[in-house]
Structure formats: structure tokens, C-alpha cells
Amino acid sequence: MLVTTPEAFLDAFAALAPLPAAAATARAAFMVAPAGFSLAAESARDNRYMAMDQAVDPLRALAQHQALAQALRADLPVIVFPGDAATPDAVFPNNVFGTAPGNLVVGRMHHAVRQREAERADIRAFFGELLGYDEVDLSGCGDLVAELTGSLVIDRARGIGYCGLSERCDRAGAEAMHQAFGLRLTFCFDLAAGEYHTNVVFALLAGRAAILAADGFADPAVPQAIAGAYGGRALWLTTAQKQAYAANAITLAEDRVWLSAGAAASLTEAQRDALAQWGFRLGSVDLSEIEKAGGSLRCCVGEIY
């Protein structure tokens, strides 16, 4: 079922039966190392978070990426695929490759510079030949745009998707992802003008709480409804905190939230206390060089379910 209003979402959310066997967090993760890290001007056309006026240091980006992979291994196994100099900004694989139990989903990217990432045979072979996953390939569907878990935030414990519509995901893409990820309910809504991905304005923490930047949504009733669905357990961000990527968070274990060092530093003591009360420790890694490319920690991590 796809719904498009806060009222319909809350009604459908309340009617869903539990999924007792569903895991709220992934069993492993994968990343793609930066190779010749640079900023793609094509992507910057609709990603205002990219620092196109700043120089980038490829070696520093690589070192930060390696430190992130090592830190995340405290929570789960992490596989790092080599980078490709032909796609130098391909450090955010979650937009292109995603998983549901037994399935690899390949997204349909908006920009041609990122569509090339979907052609990687090694990542497809890892999931298909090694793990035995079936492939759901949206990359050749020219009549839709679906940038996977950049545009779609998923409550894995309940089988619910939250899909923000923008140039990076249209309604047809939302419907395709609803089917590809085997979701029971998807709530579609418009992002605010100038926002490109849902995971920059909203994070769901192990199915128990949310981080929300209200000004990232076109309709303010949408984030209020999401917060209400999770019993008011929502961390509300200021515009400055959103711009510091404080919503670009991920839970890879049920008791820890991962953020970049800059995002973590932007949180207030009250916000940190709230996370602790909800059962979450805070982990952070410096990603200041990688963040120049318009994404942060959550964008670097693909989840394996």
C-alpha cells in the first residue's frame, strides 16, 4: 500500500500487524572506497550540499573512508569494494545498490555520471554468485528515477518505507522501490524545495526513534506524523544541524547511532541525552573531506539484509 497524506499514513501504520521475525538492523554492510575522489559538477546541479568552491584531497578522503569502515566493524562485518577512477564520486553506494532478504536492488540514478555506477559487475556478482541473491534491476527503467535508500528511508522492523519525492525519485520510482524491497506500506511525500534526498532530512533509528529536520519537508504535517507514529521519540534538528548532516545517521546495531564527527558535534546536550534515554550510544568518525561531495556517513554505507 502506498499513501500520500499524513492522515492515511497514521491510519495504515496503526493497522499494521507486527513483524516479529524482521530484523531492525542489517547483518552486514558494504562500502565503496574513493578512488581519485573528486566532485561531479553534474550532481551539483540539484545537490546544494556539495562544496563546489572548495578543493578536495583524495588521500584524506581515502583515509577518512578507511577509518569509517574500521569503526563500523565494531557493530557488524563491513566489506569494502575498490573504487573506480571512472566514477570518482561513487563513494555513496547506498543510492545505487540496496538489499532486502534474498534480493539485491539496483537503483535508477538521475544523473548519467552516477548511472555508470550501476554497471559494476563485481558488486552484482558478489550478491548474485556468492550470496545467491536474486537481482531486481531498476537501472534500465528509463521511465522512472529511484535513488534507493537516499530517497527511501526504511523501517525494516515493520516493512515501512518513507519516500521523499524530488528530482532524485519520482512517484513511479517510489512504486518500483516499494515492490523491490517487499514493503508493506510506503508513505510518499514531497521534500522541500532544494532538498535532494530523504536521508539528509530524516533518519530512522532501529525502528524505535527518528531524527527529523522539519524544514526538509514540503508539508510540515509529514514529519509531525512520522514523529507521532514513533511515540514522539524524535530528535528535531535546526537548519544548521541539518546542514551539518545530523540527519544523515544510521543504526547498524540496536544500541548505537553513527554520525559524522561534524554532525555529532552539532548536537546539543539535550539531544544527546534523548538518544541515551532511547537506548542509543553515539559513534562518530571525521568525514569532513568526504562531506564536500554532498553526503555524509549514512550515504557511505550500504546495508546487507
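Dividing the summed helix terms, -39500 (n - 2.57) for each DSSP H run of n ≥ 4, by the number of residues in the chain produces a 222 nm estimate of -6500 deg cm²/dmol to the nearest 500. Under a 5 Å amide H cut-off, with hydrogens placed 1.01 Å from N, I250 pairs with W258 among residues at least 5 apart or on other chains. Summary value for the chain: 24 percent relative contact order, contacts being C-alpha pairs under 8 angstrom separated by 6+ residues. Per-peptide packing, taken as the mean over residues of other Cβ atoms within 10 Å, places 235-243, 132-140 in the sequence 235-243, 132-140 from highest down. In order along region 88-103, phi translates into HN-Hα couplings of x, 9, 7, 9, 10, x, 5, 6, 9, 10, x, 9, 10, x, x, 10 Hz, rounded to whole numbers, per the Karplus curve 6.51 cos²θ - 1.76 cosθ + 1.60 with θ = phi - 60° and x for Gly and Pro. Once the chain from R272 to R233 is taken as fully extended at 0.36 nm per residue, the excess over their C-alpha distance is 12.8 nm. Computed 3J(HN,Hα) for region 173-178, one whole-Hz value per residue from the Karplus formula 6.51 cos²θ - 1.76 cosθ + 1.60 where θ = phi - 60°, is x, 4, 5, 5, 5, 4, glycine and proline marked x. Taking amide H atoms as placed 1.01 Å from N in the peptide plane, the amide H of F217 lies under 5 Å from those of A192, each 5 or more residues away in sequence or on another chain. A crude spin-label estimate for the pair D286 and R60, with each label 7 Å from Cα along the Cβ direction, gives 0.9 nm.
Rounded to the nearest 5, the antiparallel percentage of DSSP beta bridges internal to the chain is 45%. In this simple spin-label model, placing a label point 7 Å from the Cα along the Cα-to-Cβ direction at both L76 and L131 gives a separation of 0.9 nm. Taking the charge dipole of the chain about its Cα centre, with +1 at Lys and Arg Cβ atoms and -1 at Asp and Glu Cβ atoms, the residue from F13, P82, G173 reaching farthest to the positive side is F13. If one computes the Cα centroid of region 47-121 and of region 158-178, what distance in Å separates the two points? Centre-to-centre distance over Cα atoms comes out at 20 Å. Near the amide H of F181, within less than 5 Å, lie no amide hydrogens of residues on another chain or at least 5 residues away, with H placed in the peptide plane. Convex hull volume per residue, computed on the Cα atoms of region 144-293, equals 104 Å³. Rg then Dmax, both in Å and based on the Cα atoms of the chain: 17.5, 51.
None of the figures in this text is laboratory data; all of them are computed from the coordinates on show. These numbers come from a predicted model, not from an experiment. For neighbour counting, all protein chains shown are included, and Cβ atoms are generated from backbone atoms with ideal geometry for every residue, glycine included.
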